[in-house]
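The structure appears right after this line, and notes come after that.
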Amino acid sequence: MKAFGAYPFTPTKYQAKPVSAKHVPVLIVGGGPVGLTSALALAKQGIKVVVCEADDSVCAGSRAICISRRSLEIFQRLGVVDKFLQFGLPWTGGRSYYQEHEVLHFHMPHDQHEQLPPMINVAQYHIEDILLQACLQEPLCEIRWQSKVSYGAQTEQQVAVQVETPLGEYQQTADFLIACDGGRSSIRESMGLKLLGTSYEGRYIIVDILLQSDRATERLAYFDPRCNRGSTVLVHKQPHGVWRIDYQLQADEDPVEAVKAEAVLPRVQSLLEMMGEKADWQPIWISMYKANALSMERYHHGRVVFAGDAAHLLPIFGVRGANSGIDDADNLALKLAHTLAHPKQDLEPLALYSIERVAAAQENLRQAMKSTDFMAPPSHAFALLRTAVLSLAQTEPRLRSLINPRQTTAIHYPKATPYRETCFYYQGQKTYLGKLLAERYPRDLGICFDLPAQHVDDIVLNHEQHAEVFSRYHISTPTRILIRADGYIPHD
Amino acid sequence: MTESELDQCYTELCQALSRQDTQGRQNTELGLARFALLAMLEINEPAKVRSLIHRAILDPSFTLPSGP
């Protein structure tokens, strides 16, 4: 049997250190992508923040692998997008096959106005490490490793927790606590709060391998392939010669046996042969996955706010997990900074965070469940209709949209819409709205169309020179559009 | 469609599905599912398709036959 190789990344180990600040404005529990994005966004806004991470390094293994354009826009505002583009493999579409036939070739929205790719592939350990290195450069951001947090209590003024470290235990208080401690959130469980929704029965095996190949980066889906009849297989190329393979287990397979290397590796070999990949390869990682589609009813509970997997668990199909958590972090950090800057006001911005991001989670769940119904059919009827669609799609183009994996996109809130990226010349230079937003972070961006500036930060565009922007935003009369710092345009 | 044309189409569907039936009951089911999808595209009206789904499957008066 093949020997296991190692990821082309060695995480730095960090130890717990004695702490001095026993009260901080914001305590973040969990140092994953969501916790670190929140920390970076708050520190960029001048907020002192402490992150408590139970582990002693960034994560290991195969977890999130796709970062969406929306997440990249957020990282651009936080000043780290260049690192993501340097590490990540950009892609714009994918192909689905039924048996030996290509039945779908999809393209994500992408045109000459976009500055960022619709998606990049990058492993979660790199995502976390890029964010961590940026956090370590922020004087207002402190990371406490090997620090396991137990929820204590909250009053109208603060939250108290107990922190357990190899150096001993201590009590920590904070004005606000952000729970980013994952799907099994101990903060959520200690507060007696629940995730509600659907758990799927279908199981997928996740395998990472090392393979050198010059194949293009795109999402590949194989339905009922000859290498694994009756199954569905997904393949993603990752940076540095790592490939992620997900395949569905049959209902009658014993999951304990199916996850063993002796069961997995021959299937991988057979898949690679089918794909025409002839180079030698090495396995790195095997795990098993079951889809969940769950969310809390509210993410704001007094001075405790939930984000990412602690607040909602989404099926992997459509890559909404980490991306929706990064969106939570962006939205929350802006509203929390505003709340801290106006201590005499109520916590309304946090309630709005919950309204907007619960609505986003519901839409994400709706889309992700549709993807899951297709990728892991929950009943005989779903499986039957899926086979009918796949077997007709080659000759019936109108059915192909049913196969589309519905990759994540920015979600519309009840009273705000995501801005649309636009490229134009401004003050003699080619620029993008996203770049102007990033330059102003955390301030909003006002655009005056055929109007004088209404605010010191406004940019002024006239129809004669910026006809394309007017057209892209459907502007026909003088008007001012406000783009919030999180890239959303508010409306009634 | 006249009565005789309907009769002819009905018979052709039965015969086509019977041929599938000889290769396993699941092929009959799949044939019907493919037919339903193509019919959806031809009908091309969501309200009409929903109405047909309701009348064919969800209508409370629809009960499975007790015999073989």
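Results, tabulated for the structure shown:
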| item | result |
| --- | --- |
| Tabulated pairs, segment A:31-43, first over 15 Å from A:LEU177 (Cα atoms), second among the polar types (S, T, N, Q) and open to solvent by 10 Å² or more (accessible area, probe 1.4 Å), C-beta under 7 angstrom, 6+ apart or interchain | A:PRO33/A:GLN124 |
| Count of residues meeting criterion [open to solvent by less than 50 Å² (accessible area, probe 1.4 Å) and either in contact with a strand residue (DSSP E or B) (Cβ under 9 Å, 6 or more places away or on another chain) or closer than 13 Å to A:LEU196 by Cα (or both)] in segment A:276-291 | 9 |
| Test: residue in segment A:195-215 that is outside any strand (DSSP E or B) and under 17 Å from A:ALA54 (Cα atoms) | no |
| Scope segment B:14-50; condition open to solvent by less than 60 Å² (accessible area, probe 1.4 Å), over 22 Å from A:HIS380 (Cβ atoms), away from every other protein chain (no Cβ under 11 Å) and at pLDDT 95 or above; matching residues | B:ILE43 |
| Given (1) open to solvent by 30 Å² or more (accessible area, probe 1.4 Å); (2) within 30 Å of A:LYS194 (Cβ to Cβ); (3) not in a helix (DSSP H, G or I), number of the condition A:GLU253 does not satisfy | (2) |
| Hits in segment A:332-348 - residues which are closer than 22 Å to A:HIS412 by Cβ and buried (at least 24 other Cβ atoms within 10 Å of the Cβ) | A:LEU332, A:ALA333 |
| In segment A:349-394, the residues that are among the polar types (S, T, N, Q), over 23 Å from A:ASP246 (Cα atoms) and either surrounded by 18 or more Cβ atoms within 10 Å (Cβ to Cβ) or within 14 Å of chain B (Cβ to nearest Cβ) (or both) | A:SER354, A:GLN394 |
| Any strands (runs of 3 or more DSSP E) falling wholly within segment A:395-492 and containing at least 1 residues that are basic (Lys, Arg), touching a helix residue (DSSP H, G or I) at 6+ places or on another chain (Cβ under 8 Å) and open to solvent by less than 30 Å² (accessible area, probe 1.4 Å) | none |
| Single match in A:LEU234, A:LEU294, A:LEU271 (criterion: surrounded by 17 or more Cβ atoms within 10 Å (Cβ to Cβ) and not in a strand (DSSP E or B)) | A:LEU271 |
| Count of residues meeting criterion [surrounded by 17 or more Cβ atoms within 10 Å (Cβ to Cβ) and farther than 30 Å from A:PHE382 by Cα] in segment A:192-216 | 4 |
| Listing of strands (runs of 3 or more DSSP E) fully contained in segment A:106-194 that carry 3 or more residues being farther than 22 Å from A:CYS66 by Cβ and at pLDDT 95 or above | A:141-144, A:148-154, A:159-165, A:168-179 |
| Failed item in (1) open to solvent by less than 10 Å² (accessible area, probe 1.4 Å); (2) touching a residue at least 60 places away in the same chain (Cβ under 8 Å), with A:ILE120 passing the rest | (2) |
| Qualifying positions in segment A:395-408 - away from chain B (no Cβ under 14 Å) and either within 14 Å of A:ARG357 (Cα to Cα) or touching a strand residue (DSSP E or B) at 6+ places or on another chain (Cβ under 6 Å) (or both) | A:ASN404, A:THR408 |
| Test: A:TYR413 is touching a residue at least 40 places away in the same chain (Cβ under 8 Å) and either within 14 Å of chain B (Cβ to nearest Cβ) or farther than 26 Å from A:PHE306 by Cβ (or both) | no |
| A:ALA261, sole failed condition from (1) open to solvent by less than 10 Å² (accessible area, probe 1.4 Å); (2) in contact (Cβ under 8 Å) with a residue 60 or more places away in the chain; (3) of a type in the set (A, V, I, L, M) | (1) |
| Subset tally (residues that are crowded, with 21+ Cβ neighbours inside 10 Å and within 26 Å of the chain's Cα centre (by Cα)) for segment A:219-231 | 4 |
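The values are calculated or read from the model by the stated rules, or taken from the named source; none is laboratory data. All values reported here derive from a predicted model rather than from experimental measurement. Counting neighbours? That spans all protein chains shown, and the Cβs are built from the backbone with ideal geometry, glycine included. Note: accessible area is taken over every heavy atom of the protein model, side chains too, but ligands, DNA and RNA are not part of it. Shrake-Rupley method; radii C 1.70, N 1.55, O 1.52, S 1.80 Å.
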